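Each reported figure results from applying straightforward, stated rules to the coordinates on display, with no laboratory input. Bear in mind the structure is a predicted one, so any value in this text is a computation, not a measurement. Neighbour counts are summed over all protein chains in view; Cβ atoms, including those assigned to glycine, are modelled from backbone coordinates with ideal geometry.
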Amino acid sequence: MLPLWIVRGKSYFKRQVAARTSLNPESLPYNSAVVEYIKREKLNGRDIILATATDEHVATPIADYLGLFDAVLATKDGSNNSSTTKLSAIKTYTQGGAFDYIGNSHDDIPLWQSSAHAVIVSSSPGFVEKVRRIQPAIEVLEGTSYTLLTVVKAMRVYQWVKNILLFVPLLLAHRLFEPDVFLTTCIAFLCFSLCASSVYILNDLLDLESDRLHVRKKNRPFASGKLPISLGVMLVPLLIICAFGGSYLFVSQDFTIVLLAYFAITTAYTFLLKKIAIIDVLLLAGLCAFRLLAGAIAGDVLISQWLIAFSVFIFLSLAFVKRYSELIALIADNKTEAKGRAYTVGDVDLLRSVGTACGLVSILIFAFYINSREVTNLYHRPQLLWGVGICLLYWILRVWFVAHRGQMHDDPIIFTVKDKASYVVVALLVTIVVFAL
């Protein structure tokens, strides 16, 4: 319906969107410099008006929550309260009297021209100079600014470490050091990562309110207001185009199909499936195993059934760790359930039991693998691989001990990247495998 609404004008469009959405003013990010400025002027006895192009059904609750405004002039009744229309509304309200105006966009220039004093909320020197030329009496407050590092953080580049799983089938097939295969898999890794980042950003845009209420997620770039939502809307299709274009041109058609399936599943997870108990953790584990399949297809190697079985259970254990840690954080925050999730604090014991069991099953599968025919064909000293099993057992139990003590980050992947003991385990695993070859 959006195209049909916009044809009937911006005010009608905004009214229809406002009627179908519900914003929690308490959770919104506010510019502290602007709020403090308004409070000072309020103490000086001045009338403060919220004049905005936002629909009144959205603007009024925000004004009521802040408690700083004497009146609200917003979009309503077929009139889009922007630029010159807003100026007319202000002049009508003030009966032609003088006013100061705080704004942050090019649409505000007509208002600054007519104001006695202009307050600009911007981090752009060029924009400030442009306003200064038409209104010398200005004051500048710091606006929202962001760097490339902020964009990288929104893309969750640290999560790309999960996609190293694409190289595992090559490593286990002893083909990792073949130049052509390795280069193709590197390109596949980049495409997979860009695709994953597009879904992460989409997820953040859809989870804004729940993230803003979360003790740690409220600091994410979009939830905190460090990045404009419009940038996220542009980044999602751009990353998708780069991911699928690179996949089709430089990897293979089969890998592109797998990448498309991954995108479809993760999108379904973002919109719906993450809200369904058990299904969500099964999908999280399945997506990690999916990366192994993608790596095998990109490198054109066979993938072992043992690897699939092992990966499903170990990643299922880590998925339960993620949900378990979220519940532990809720308990510490005196809450009973997470917004947008299907679990309550009453499920914490069950998640711990099932999660640890899945981790132990993965070690059992690895033990069976050591005695399989595939191992004797690939390794000269397969008995040394028992050391790998012991290291993995220690790591799984350590992860759950840390989670049980409430010291686990929401995402066990982030914990692993920052955990020194995990690096020692990885070093031991590599050493054992080398000696087993």
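About its Cα centre, the dipole of the stretch 1-84 is roughly 280 debye, where the only charges are +1 on Lys and Arg Cβ and -1 on Asp and Glu Cβ. The HN-Hα couplings worked out from phi for the stretch 214-227 by the Karplus form 6.51 cos²θ - 1.76 cosθ + 1.60 (θ = phi - 60°) are 8, 4, 10, 5, 5, 8, 5, x, 7, 5, 7, x, 5, 10 Hz, whole numbers, x standing for Gly and Pro. Available extension along the chain between residue 250 and residue 123 is 41.7 nm, counting 0.36 nm per residue and deducting the alpha carbon span. The coefficient of translational diffusion for the stretch 186-319, derived via Stokes-Einstein from the alpha carbon Kirkwood radius under 37 °C and 0.692 mPa s, stands at 206 µm²/s. Its convex hull of Cα atoms gives the stretch 237-315 a direction-averaged projected area, equal to a quarter of the hull surface, of 5.6 nm². Under a 5 Å amide H cut-off, with hydrogens placed 1.01 Å from N, residue 55 pairs with 75 among residues at least 5 apart or on other chains. Listed values for the stretch 89-102 are Karplus-derived 3J(HN,Hα) couplings in whole Hz (6.51 cos²θ - 1.76 cosθ + 1.60, θ = phi - 60°), namely 5, 5, 4, 5, 5, 8, 6, x, x, 6, 8, 9, 9, 9, and x replaces Gly and Pro. Using the average count of surrounding beta-carbon atoms within 10 Å as a protection proxy, the listed peptides 344-353, 69-78 rank, highest first, as 69-78, 344-353. Considered as an equivalent ellipsoid built on the Cα gyration tensor, the chain has semi-axes of 53, 24, 19 Å, the largest given first.
Rounded to the nearest 10 degrees, the angle from helix 420-436 to the longest Cα principal axis of the chain is 30 degrees. Just want to confirm a number: the relative contact order over the stretch 2-141, from Cα pairs under 8 angstrom separated by 6+ residues, in percent. Reported relative contact order: 17 percent.
Length gain on complete extension for the stretch residue 47 to residue 404, per 0.36 nm per residue less the alpha carbon to alpha carbon distance?
On the way: separation 357, 0.36 × 357 = 128.52 nm, distance 5.37 nm.
Gain on stretching residue 47 to residue 404: 123.2 nm.
Considering only 122, 380, 342, the residue lying farthest towards the positive end of the dipole of the chain is 380, judged by Cα position with unit charges set on Cβ. Of all aspartates and glutamates in the structure, the ones whose alpha carbon falls short of 16 Å from that of residue 86, not counting any fewer than 8 places away in one chain, are 55, 56, 77, 100, 107, 108. Placing unit charges on the Cβ atoms only, positive for Lys and Arg and negative for Asp and Glu, gives the chain a dipole magnitude near 240 debye about its Cα centre.
The length gained by stretching the chain between residue 23 and residue 176 to full extension, at 0.36 nm per residue less their Cα-Cα distance, is 50.0 nm. Give the angle, between 0 and 90 degrees and rounded to the nearest 10, that separates the Cα long axis of helix 32-43 from the longest principal axis of the Cα atoms of the chain. The helix 32-43 is inclined about 30 degrees to the chain. Taking one quarter of the surface of the convex hull spanned by the alpha-carbon atoms of the stretch 2-141 gives a direction-averaged projected area of 9.1 nm². What is the pair-distance distribution P(r) of the stretch 13-52, computed from all Cα-Cα distances in 5 Å bins starting at 0, with each bin given as a whole percent? Computed distribution, short to long bins: 5, 17, 16, 22, 16, 13, 10, 2. Using Cα atoms only, what is the angle between the long axis of helix 348-370 and the major principal axis of the chain, expressed in degrees (0 to 90) to the nearest 10? Approximately 40 degrees, to the nearest ten. What distance in nm lies between label points placed 7 Å from Cα along the C-beta direction at residue 417 and residue 142? Modelled inter-label distance: 2.6 nm.
Past the 26 Å Cα-Cα mark, which pairs from 14/275; 162/335; 42/91; 275/335? Could you put the intermediate results ahead of the total?
Numbers: 14/275 29 Å; 162/335 30 Å; 42/91 20 Å; 275/335 18 Å.
Result: 14/275; 162/335 exceed 26 Å.
Could you tell me which residue out of 396, 71, 307 lies farthest along the dipole of the chain toward its positive end? Charges go on the beta carbon: Lys and Arg +1, Asp and Glu -1, centred on the Cα centre. So the residue furthest toward the plus end is 396.
Looking at the chain alone, DSSP beta bridges between its own residues are antiparallel in about 15 percent of cases.
Counting Cα-Cα pairs of the stretch 26-93 in 5 Å increments starting at 0 gives whole-percent bin shares of 4, 16, 25, 24, 20, 9, 2, 0. Using the Cβ-Cβ distance between residue 65 and residue 107 with R0 set to 22 Å, the FRET efficiency from 1/(1 + (r/R0)^6) comes to roughly 0.35. With helices as the sole contributors, the chain gives -20000 deg cm²/dmol at 222 nm; each DSSP H run of n ≥ 4 counts as -39500 (n - 2.57), and the sum is divided by every residue.
Across q = 0.10, 0.12 Å⁻¹, the stretch 323-437 modelled as identical point scatterers on its alpha-carbon atoms has Debye log10 I(q)/I(0) values of -0.40, -0.54, in the order of the q list.
According to the square roots a ≥ b ≥ c of the eigenvalues of the Cα gyration tensor, what is the shape class of the stretch 74-137, taking rounded for a/c under 1.5, prolate for a/b larger than b/c otherwise, and oblate for the remainder? Verdict is oblate for the stretch 74-137.
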